[in-house]
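Here is the structure we will look at.
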Amino acid sequence: MSKGYLAINAFDMCCIGHIQQGLWRHPRDRSKSFEHLAYWTDYAHRLERGLFDGLFLADVLGIYDVYRGSADPAIEGAVQFPVNDPLLIVPAMALVTSNLAFGVTVNLSYESPYLFARRMSTLDHLTQGRIGWNIVTGYLDSAARAQGFQQQMLHDDRYDLADEFMTVVYQLWEHSWSDNAIIPPLNQHAFADPNKVRPINHQGKQYKLDARHMCAPSIQRTPLLYQAGASSRGQAFAGKHAECVFLNGQSFESITALSRSLRAQALAHGRKADDIKIFVGASMIAAKTDAEAQDLYEEYKHYVDTEAALVHASASLGVDLSKVDLDAPVDPSQLKREAIQSNSEAMVRQHGKQWTKGDLIRQMVLGSRQTPIVGSGSRLADYLVAMQSACNIDGINLSRTVVPECFDDFIDYVIPELQSRGAFKTQYQEGSIRRKLFGSDRLPASHPARAENLGFRQ
């Protein structure tokens, strides 16, 4: 993919209510069919028609039970509940598309590295190199309790666990099988040379492993690596491991500062600044004209569920907002450190240290903290081109509002305007998603997955 082109992912979840809380109630929204494969194969067809780079699938383990000290509001409002496993819908979508990639969120805190490495290699084989992994460590105590623990690990301890997890899966993906382990078909007596399928022996603090990787090398070996942490610890982790970093949409100034910091982290870990592609979360309402887009925006606002939005925000901020007065500053000491630190930091950047529940509600005009950008295709294209240039970012994760029309409208009105400005591709390039983004199927030698080479690969 040309460096000048904007990369565009659709951003969704295998559930009814993702981040724009309440919009599933809109009569034209089809997300209530999320449990049917036909819903997802149609979804994939639409995105590939629009030349989208990928579908980024969020996920969560556990239920949001901080607001009112109960899971009931999340259940009533369908706040990312019920939610199905995103990995299981990928093969069906891959079957009906040729180029669309799939980023899947998997919480490594409760995974076996050995089994997880096999699942991802299998998906990379089945999609022919179109799979990516969004690395998360979780933030919900409800998920920890579901796994038999009293509460989740401390924030920084989760990143320490993640570093070791990454070491194990890198060894399995990159160093177990030699590139030439499989014997050419002219020799019918053996499939692979056992001397070139090396057992990985890892004896660490969290994981112990003595095994060969179950899968032969896939096109990418290691899936494309996404990460979304913007806290100080999260940025350090991203600088070491991530290829694509997902930032929540904020002011151009904040995005620019985060972009600069993340690329500096990559350099600090011996990588190149452009080894990281930065994707910004965006909510957009597009139409033929500004007036028509504004009308659509006003229509959507009638279906917003503000309480459901507070359910989601309470969990991610780590404070029960039902107990907070509307116009009283939220006490920083009330914010649970083990929640998503970057979310509370973002609130301070946007509203100051004395931000209130009222500030948050006024920000959540469509049921999430992402401020929607509303307008004609031309207006939205101008905004995206300006953001790419000003903030040194590489792409967007376009949040769904009312599906499928939100993506159809973006494809019909915004994509042609981006193409006319030379800011978006007019056809797909061949190859894996990593090749499309970075020019190669495999990780570069500067990435720690390759730098930790144990001297086996030939």
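The values are calculated or read from the model by the stated rules, or taken from the named source; none is laboratory data. Since the model is a prediction, treat every value here as computed from it, not as a measurement. Positions of Cβ are generated from backbone atoms using ideal geometry, with glycine treated the same way; all protein chains shown enter the neighbour counts. Surface accessibility is based on the protein's heavy atoms, side chains included, excluding ligands, DNA and RNA. Shrake-Rupley method; radii C 1.70, N 1.55, O 1.52, S 1.80 Å.
Here the spin labels are modelled as points 7 Å beyond Cα on the Cα-Cβ line, and at ALA146 and SER420 they lie 4.6 nm apart. Counting heavy atoms of the protein chains alone, THR289 has an accessible area of about 50 Å² for a 1.4 Å probe. When you restrict to C-alpha pairs under 8 Å that are six or more residues apart and normalise by the size of region 197-324, the relative contact order lands at 15 percent.
Among the chymotrypsin sites (Phe, Trp or Tyr not before Pro) in region 131-170, those placed in a DSSP loop whose Cβ has at most 15 other Cβ atoms within 10 Å are PHE149.
Charge dipole (Cα centre; +1 on Lys/Arg Cβ, -1 on Asp/Glu Cβ; no other charges) of the chain amounts to roughly 1300 debye.
Where nothing but the Cβ of Lys and Arg (+1) and of Asp and Glu (-1) is charged, how large is the charge dipole of region 1-144 around its Cα centre, in debye to the nearest 20? Could the numbers behind the result be given before it?
Details: 11 positive and 14 negative charges, 91 e Å.
Magnitude of the dipole: close to 440 debye.
Short-range pairs are left out: with C-alpha atoms under 8 Å and at least six residues apart, the relative contact order of the chain is 23 percent. Given a Förster distance of 45 angstrom, what is the FRET efficiency for ALA92 paired with LYS323, based on the Cβ-Cβ distance and rounded to 0.05? Computed FRET efficiency for ALA92 and LYS323 comes out at 0.55. Heavy atoms of the protein chains alone define the surface here; on that basis region 158-275 has 43 Å² accessible area per residue at 1.4 Å probe size. Counting 0.36 nm for each residue step from LYS32 to ILE182 and taking away their Cα separation leaves a gain of 49.5 nm. When every Cα-Cα distance of region 120-203 is counted in 5 angstrom steps from zero, the calculated P(r) takes the values 3, 11, 13, 16, 16, 15, 10, 6, 5, 3, 2, 0 percent. Simple rule: put +1 on each Lys or Arg Cβ and -1 on each Asp or Glu Cβ in region 160-253, find the dipole, and look at PRO199, GLN235, LEU224; the Cα lying farthest toward the positive end is PRO199. Report the percentage of all Cα-Cα pairs in region 179-277 whose separation exceeds 17 Å, rounded to a whole percent. Summing the P(r) tail past 17 Å for region 179-277 gives 66 percent. Per atom type, the chain shows carbon and sulfur on 51% of its accessible surface, probed at 1.4 Å. Candidates THR289, LEU123, SER31 compared by Cα position along the dipole of the chain: farthest toward the positive end lies LEU123, with charges placed on Cβ.
Just the number please: accessible area per residue for region 376-458, 1.4 Å probe, all protein chains included, in Å². All intermediate terms of the calculation are to be shown ahead of the outcome.
On the way: 3260 Å² over 83 residues.
I get 39 Å² per residue for region 376-458.
Once all protein chains are placed together, CYS391 keeps about 0 Å² accessible to a 1.4 angstrom probe. Entry comment: accessible area of region 34-110 is 37 Å² per residue, from protein heavy atoms only and a probe of 1.4 Å. A straight Cα-to-Cα reach below 17 Å connects LYS436 with the aspartates and glutamates GLU48, ASP53, ASP124, GLU243, ASP274, ASP275, ASP394, residues fewer than 8 places away in its own chain not being considered. Among the protein heavy atoms, those of MET153 account for about 70 Å² of accessible surface (1.4 Å probe, every chain in place). For region 97-223, the Cβ-based charge dipole about the Cα centre amounts to some 340 debye (Lys, Arg positive; Asp, Glu negative; other atoms uncharged).
The label point for ASP441 and the one for ASP160, both projected 7 Å from the Cα toward the Cβ, are 3.9 nm apart. Angle of helix 377-391 to the longest C-alpha principal axis of the chain, folded into 0 to 90 degrees and rounded to 10: 60°. Could you tell me the relative contact order of region 225-298? Use alpha-carbon pairs under 8 Å, at least six residues apart, and round to a whole percent. Relative CO of region 225-298 lands at 30 percent.
Extension gain for GLU292-ASP331 works out to 9.9 nm (0.36 nm per residue, less the C-alpha to C-alpha distance). Using the rule -39500 (n - 2.57) for each DSSP H run of four or more residues, divided by the residues of the chain, the 222 nm mean residue ellipticity is -10500 deg cm²/dmol. Orientation-averaged projection of the chain equals 21.8 nm² [convex hull of Cα atoms, one quarter of hull surface area].
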